[in-house]
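The values are calculated or read from the model by the stated rules, or taken from the named source; none is laboratory data. All figures in this text were calculated on a predicted structure; none of them were measured in a lab. Note that we place each Cβ from the backbone using ideal geometry, even for glycine, and neighbour counts take in every protein chain shown. Quick note on the areas: whole protein, heavy atoms, side chains included, nothing else; ligands and nucleic acids left out. Shrake-Rupley method; radii C 1.70, N 1.55, O 1.52, S 1.80 Å.
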Amino acid sequence: MQNRYSIIDGDKKTIIKIQKYFENTDDFICIGASGCFNQSLDTILEYAPDIIFIDVDNNKENTNDAFSFINELYKYVKEMPKVIALSTTKDGAYNCMKNNFCDYILKPINDFELRKSVARLKIKPRKPSDKLCLKSYKDYRFIEMNEILFLKADNTSTDFFMEDGTTISAYKTLKYFEKLLPENFTRIHNSYIVNQKYVSRIHFGKAKCTIKQHSFAIPFSKSYKENVVILEKSISKNALLSLN
């Protein structure tokens, strides 16, 4: 299960640098990046990140600053995220230590310092969730992950085919959900991710996986054949075998 991080910084270069670093890992997902304290607070309360990167230099909101923001956050969360300060100088390091920040990174940020900082945090893996939240503007749709048959890419959106025969559309790419979903979901094609629970047949000759509900025949491509082999071994491991 992926850990979550949030960035509170008005500098787009810093935001892009942090996001690019985490793009090379499968363990973290960005739940929000903004220089606005109020917007960031709303995102943090909604998605409960494990790490907050926060700029402690600039104060574009006259009524607030980084330190009072973090102190206020204690009022609203059950478990405080790990807070990492971002700054162009070492001047704020003492204040950060007094306010229980976990680390202090100097700008401009580089991958080595990020790697060291994250490693020092020793964040525990998140417990797997049984629900997936699909958010579109102010509409929140919660679906049971064990009821998802498969996902199909539709340009920049993704269709979820459900056990009850319904189809739910989400305005994120298949690649986005590939990183988000647990291990029992396998990418078998540029356009498809299947739920191992519902795979009833794998035909390597025809390059197809059959989904037992509604008898969907999902193609798999050569570029994802290794994933399909791993999928077959995982299912066979817990099945009785009758070999001809």
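Of the residues screened, Ser169 is one that is open to solvent by 50 Å² or more (accessible area, probe 1.4 Å), in contact with a strand residue (DSSP E or B) (Cβ under 8 Å, 6 or more places away or on another chain), modelled with pLDDT of 90 or more and not in a loop (DSSP other than H, G, I, E, B).
Residue count for segment 153-166 under the criterion of being surrounded by 13 or more Cβ atoms within 10 Å (Cβ to Cβ) and of a type outside the set (D, E, K, R): the result is 6. All told, Ile143 falls short of being in a loop (DSSP other than H, G, I, E, B), on the phi < 0 side of the Ramachandran plot and open to solvent by less than 40 Å² (accessible area, probe 1.4 Å). Checking Asn155, Asn184 one by one, the residue that is at pLDDT below 95, under 29 Å from Asn24 (Cβ atoms) and in contact with a helix residue (DSSP H, G or I) (Cβ under 7 Å, 6 or more places away or on another chain) is Asn184 and no other. As an exercise: evaluate Tyr176 against (1) part of a loop (DSSP other than H, G, I, E, B); (2) more than 18 Å from Ile54 (Cα to Cα) and give the number of the one condition it does not meet. If we test Tyr176 against (1) part of a loop (DSSP other than H, G, I, E, B); (2) more than 18 Å from Ile54 (Cα to Cα), just (1) comes out false. I'd like to know if segment 198-210 contains one or more residues that are modelled with pLDDT under 95, within 20 Å of Lys131 (Cβ to Cβ) and open to solvent by 20 Å² or more (accessible area, probe 1.4 Å). For segment 198-210, residues modelled with pLDDT under 95, within 20 Å of Lys131 (Cβ to Cβ) and open to solvent by 20 Å² or more (accessible area, probe 1.4 Å): absent. Listed by first and then second residue, the pairs linking a residue in segment 214-239 that is under 13 Å from Thr186 (Cα atoms) and hydroxyl-bearing (Ser, Thr, Tyr) to a residue that is assigned to a strand (DSSP E or B) and at pLDDT 95 or above, with Cβ atoms under 8 Å apart and 6 or more places separating them unless they lie on different chains, are Ser221/Ile188; Ser221/His189; Tyr224/Arg187; Tyr224/Ile188; Tyr224/His189. With respect to the conditions (1) under 23 Å from Asn3 (Cα atoms); (2) surrounded by 11 or more Cβ atoms within 10 Å (Cβ to Cβ), Asn227 falls short on a single one, namely (1).
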